[in-house]
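Asks: One structure, pasted below without further comment.
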């Protein structure tokens, strides 16, 4: 089995990380049985790290995948909580929902925070306390900010980083792809374990998947890459790619021919604006009392769907 070390964390993983966001209720809304079957296939084929979050709603799918599974698996989750009490609730929910006594990685989810060490200080302190109690293995940080990745270098308590990076820089909030790449390389030199997110910009770069994945996979300091996957074929192609095996051209053409978009059932939109507030990229705006998508800014993360009280937003 191919393995890579996540910096100086002591953890080694397959270079393909299974990102569970797209299969959850924010996007494809697969059943635990459907999603569990896909995750289990990936695990049995060699994937070892599953990436999830409080926001994703994918814990039941992971639980189904692990039912009866005796192979190696690590789970990374995230808390977007603004305070320690809420964060504790997120961790307890994850442990309970996943049926585990310990979470391998918990990220301080700081997508929109330029300085999470100041803005989420009490949450970080809680995560470190839970780490000492044995409920968390490693503390990490996920971010769309170059500045946050740079700041993490000076925080030895942060073992793992989960930065947004793609060849176009789409979704990076304070710089370019080159800026983030430089921050990632510096963090890796400092011993941080790094697995990247949004290599395909939430699906916007699917048409150039080979070029886009190669760019992120081969960046200095990137140890692994998290990808959302919704079919057995997609899993198999990505496994072959990250294991540097040959992938037939027809499989690539099939996968690169797919298209995804954010869909809003505008006839049911109440105009509350919660989706626009939740968007981390400025991809939603209110126009004449209705939510409207800016396709050039949207990274198809689905956070707006989680915020919508009418449940009328989907990534499809």
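Every residue, every condition in (1) crowded, with 22+ Cβ neighbours inside 10 Å; (2) out of contact with any strand residue (DSSP E or B) (no Cβ under 9 Å at 6 or more places or on another chain), yes or no:
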residue	(1), (2)
6	yes, no
28	no, no
39	yes, no
42	yes, no
45	no, yes
60	no, yes
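Asks: Does the stretch 80-90 contain at least one residue that is farther than 24 Å from residue 146 by Cβ and buried (at least 23 other Cβ atoms within 10 Å of the Cβ)?
Replies: Checked the stretch 80-90: at least one residue is farther than 24 Å from residue 146 by Cβ and buried (at least 23 other Cβ atoms within 10 Å of the Cβ).
Asks: Then there is this: Could you say which residue among 308, 298 is buried (at least 16 other Cβ atoms within 10 Å of the Cβ) and over 29 Å from residue 184 (Cβ atoms)?
Replies: So the residue among 308, 298 that is buried (at least 16 other Cβ atoms within 10 Å of the Cβ) and over 29 Å from residue 184 (Cβ atoms) is 308.
Asks: Still on this structure, I have one more. Can you pull out every residue in the stretch 219-273 that is part of a strand (DSSP E or B) and surrounded by 14 or more Cβ atoms within 10 Å (Cβ to Cβ)?
Replies: The initial filter retains those residues of the stretch 219-273 that are part of a strand (DSSP E or B), namely 224-228, 262-264.
Residues satisfying the conditions are 224, 225, 226, 227, 228, 262, 264.
Asks: When you look at residue 50, is it touching a strand residue (DSSP E or B) at 6+ places or on another chain (Cβ under 6 Å), under 21 Å from residue 300 (Cα atoms), without any contact (Cβ under 8 Å) to a residue 40 or more places away in the chain and not assigned by TED's automatic domain parsing to the domain that holds residue 299, yes or no?
Replies: yes
Asks: Among the residues of the stretch 56-68, is there at least one that is closer than 24 Å to residue 125 by Cα and outside any loop (DSSP other than H, G, I, E, B)?
Replies: Yes - at least one qualifying residue is present in the stretch 56-68.
Asks: For the stretch 142-153, indicate whether the set of residues that are in contact with a helix residue (DSSP H, G or I) (Cβ under 6 Å, 6 or more places away or on another chain), assigned to a loop (DSSP other than H, G, I, E, B), outside the structural domain of residue 304 (by TED's automatic domain parsing) and modelled with pLDDT of 95 or more is non-empty.
Replies: Yes; the residues of the stretch 142-153 include at least one that is in contact with a helix residue (DSSP H, G or I) (Cβ under 6 Å, 6 or more places away or on another chain), assigned to a loop (DSSP other than H, G, I, E, B), outside the structural domain of residue 304 (by TED's automatic domain parsing) and modelled with pLDDT of 95 or more.
The values are calculated or read from the model by the stated rules, or taken from the named source; none is laboratory data. It should be emphasised that the depicted structure is a prediction, and the values quoted were computed from it without experimental measurement. Because the Cβ atoms are built from the backbone with ideal geometry, glycine has one as well, and the counts that use them run over all protein chains shown.
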